[in-house]
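Note sheet for the following structure.
The values are calculated or read from the model by the stated rules, or taken from the named source; none is laboratory data. The shown structure was predicted, so the numbers you read here are calculated from the model rather than taken from an experiment. Glycine also receives a Cβ, built like all others from the backbone with ideal geometry; neighbour counts cover every protein chain displayed.
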Amino acid sequence: MNILIVDDDKVSQVLLTEQLQALNYDVSTAIDGKEGWNIYIAKKPSIVITDWIMPHVNGLELSRMIRSEHRERYTYIIFLTILRGKGSYLEAMNAGADDVISKPFDSEQLAARLRVAERILGMQHEIKQLQGILPICSYCRKIRQEDDTWVSIEQHIKQKTDTSFSHGICPDCYQEHVQPAIVRLQNQ
């Protein structure tokens, strides 16, 4: 799993990178939220660990930017900050954070929270896969919709997307269905 660390304090960045690499994570680093955003767009990390107070783009702004992107795969955001208290916690959560850890961080606590992040990301991936399963009739190939009505595949796709269809006949179906029908008509 890949993690992006965004922190303007080089010492914190190095310590955190070493800790995460020891846990077998693939780690990228950025010195502020602006650089962090560019790396986020390029590498699409699963987890972002960000400081709050940074030049150019702070952690709150970075978190809001990440949430506004609406990526197909969810990004788990952890704030690692010296700020404490209920107000700071709620502000981070309202900006899109999933967790807040106080500096200096405890290595075991960080490892435990990363395991939670992995479980949540794994469950979200499983849910997304289950949402992609279409209940389809084995005989007529109609799709069962949420209201238990059955519609053709074409109608279902058209309802869910802006797709239009043009129909044709593939070579296999031509040989199996059309040619025999032509022969039957010619022999009548």
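Given the conditions (1) of a type outside the set (D, E, K, R); (2) touching a strand residue (DSSP E or B) at 6+ places or on another chain (Cβ under 7 Å); (3) crowded, with 19+ Cβ neighbours inside 10 Å, and given that T17 satisfies all but one, which numbered condition is not satisfied?
For T17, the exception is condition (3).
Please verify whether the stretch 118-125 includes one or more residues that are surrounded by 12 or more Cβ atoms within 10 Å (Cβ to Cβ) and either over 13 Å from the mean Cα position of the chain (by Cα) or closer than 16 Å to L16 by Cβ (or both).
No, there is no match, as no residue in the stretch 118-125 is surrounded by 12 or more Cβ atoms within 10 Å (Cβ to Cβ) and either over 13 Å from the mean Cα position of the chain (by Cα) or closer than 16 Å to L16 by Cβ (or both).
Can you tell me which residue in the stretch 102-116 is surrounded by the most Cβ atoms within 10 Å (Cβ to Cβ), limited to those that are under 22 Å from K10 (Cα atoms) and at pLDDT 90 or above? Please lay out each step first, then the result.
Restricting attention to the stretch 102-116, the residues satisfying the condition of being under 22 Å from K10 (Cα atoms) are 102-111, 114.
Add one more test, that the residue is at pLDDT 90 or above, and what stays is 108-111, 114.
On the way: E108: 8, Q109: 11, L110: 19, A111: 13, L114: 21.
Restricting to residues being under 22 Å from K10 (Cα atoms) and at pLDDT 90 or above, the top hit is L114.
Working carefully through the options I78, I47, I66, I5, find the one that is buried (at least 20 other Cβ atoms within 10 Å of the Cβ), in contact with a Ser or Thr (Cβ under 6 Å, 6 or more places away or on another chain), within 20 Å of G122 (Cα to Cα) and among the β-branched types (V, I, T).
Only one candidate passes the filter, namely I66.
Say whether the condition of being in contact with a strand residue (DSSP E or B) (Cβ under 6 Å, 6 or more places away or on another chain), in the same structural domain as G36 (by TED's automatic domain parsing), under 14 Å from I47 (Cβ atoms) and among the aromatic types (F, W, Y) is met by at least one residue in the stretch 84-100.
no
Every residue in the stretch 40-71 that is at pLDDT below 95, in a loop (DSSP other than H, G, I, E, B) and within 13 Å of V6 (Cα to Cα), please.
Across the stretch 40-71, the qualifying residues are D51, W52, I53, M54, P55, H56, V57, N58.
Which one of the conditions (1) in a helix (DSSP H, G or I); (2) modelled with pLDDT under 90 does Q179 fail to meet, given that it meets all the rest?
It fails just one condition, (2).
Within the stretch 81-101, count every residue that is among the polar types (S, T, N, Q) and loosely packed, with under 12 Cβ neighbours inside 10 Å.
Result for the stretch 81-101: 1.
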